[in-house]
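Before any comments, here is the structure.
Please treat every number below as a calculation from the coordinates, not as lab data. If you're wondering where the values come from, they're calculated on a predicted model, not measured in any experiment. When we count neighbours, we look across all protein chains shown, and the Cβ atoms used for this are built from the backbone with ideal geometry, even at glycine.
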Amino acid sequence: MAAIPPPLRFHDRQLGLDRVRIAGIVNLTPDSFSDGGRLSEPGSPRAHMERLLAEGADILDLGAESTRPGATPIDIETEQARLLPAVRTAVALGAIVSVDTRHSETAHAALELGAHMVNDVTGLRDAAMVDVCARHRAPAVIMHMPIADPAVMQQHAVYDDVVATVTAFLTAQSASALARGVPQVIVDPGFGFGKTAEQNIALVARLDRLVELGHPVLVGASRKRTIGDLTGVERRDQRVVGSVAMHLAAAAHGAHLIRVHDVAAHRQALAVWESVERSGH
Ligand code: HH2
């Protein structure tokens, strides 16, 4: 068994990784593929965040720009107008707040408001994003995508060896981020980001390769296309069981954090799975 990475250290607290931690997804985008804009009505994000926390989310991951395949990008002003009020609310609720953004200006503004960490789906390719995380002493999620553009990423799902390519990218990006002052990094294979179902499955099956890097590992498969492909379930909100199964497989292969829409279902599944894992038998 690989050693447990040290706790995530934030400006006002720590989060131990001796058990699998749940990041609850808060989509503040009108075109989010999973929530279908449900959260775009005023007043609703707060109730949603309260529910995720009550269900046992360890972290809230707030994002305002859809990164679904083919999504159109939004400008920074629109992103911040959607995101920052929710960051304020999440901080006031006492949550550990992760901001899912690829814009360093937005990450900076959110961290100034008390957010705890940055989740960058473009894998800290932007030097300004590295500087913001370093300056705020904020841990950062480095996710793999083959090209830093969700609009065309599916055209880049071509790898000689997807596990080797993703491992090499995350190794290089983490070393460079740490060298430039980011205090801690979390690595993420980028399930569904410029990858086929088979490639996503390979990455979970060989998650040990990422665990060996010694950083916390995050997997986000929640309600994604691959879960639909594997189960034949078209409706995203009906992919909960498939998502739980994929995340338990990820946990069995060493994931420390999972990013999910359905916190209660995952909390229940982890309670049962961890009872066996941790029983010492
Ligand atoms: N997946 C999505 C968004 N952010 N961040 C990390 N670290 N890992 C992921 O796998 C990941 C992510 C896409 O999922 P979702 O939030 O459900 O959809 P949308 O693109 O509409 O935000």
Worksheet item: Roughly what percent of Cα-Cα pairs across the range 109-152 reach past 12 Å?
Response: 60
Discussion item. Just to be sure I understand: of the beta bridges DSSP finds with both ends in the chain, what percent are antiparallel, rounded to 5?
Written reply: 5
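Could you tell me the calculated FRET efficiency between residue 155 and residue 249, based on Cβ-Cβ distance and R0 = 25 angstrom, to the nearest 0.05?
0.35
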Worksheet item: Which residue, chosen from 242, 29, 17, occupies the Cα position most advanced towards the positive end of the dipole of the chain, where the dipole is computed from +1 (Lys, Arg) and -1 (Asp, Glu) charges on Cβ about the Cα centre?
Response: 17
Discussion item. Quick check of the Kirkwood formula: for the range 158-281, what is the inverse mean of 1/r over all pairs of different Cα atoms, in Å?
Written reply: 15.3
Practice prompt. Taking only Cα atoms and a 10 Å spring cutoff, compute GNM fluctuations for the chain and point out the largest among 11, 247, 215.
Written response: 11
Response to the item:
For the range 60-214 (alpha-carbon point model, no solvent) the Debye-based log₁₀ I(q)/I(0) at q = 0.15, 0.16 Å⁻¹ works out to -0.78, -0.88
Practice prompt. Mind computing the radius of gyration and Dmax over the alpha-carbon atoms of the chain? Å is fine for both.
Written response: 17.2, 54
Item to complete: Starting from the Cα of residue 14, move 7 Å in the Cα-to-Cβ direction to define the label point; list residues of the range 210-250 whose amide nitrogen is under 17 Å from there.
Response: 215-216
Fill in: Listed residues 204, 76, 57: farthest to the positive end of the dipole of the chain (Cβ charges)
57
Worksheet item: Taking 0.36 nm per residue of separation and subtracting the Cα-Cα distance, what length does fully extending residue 68 through residue 54 add?
Response: 2.3 nm
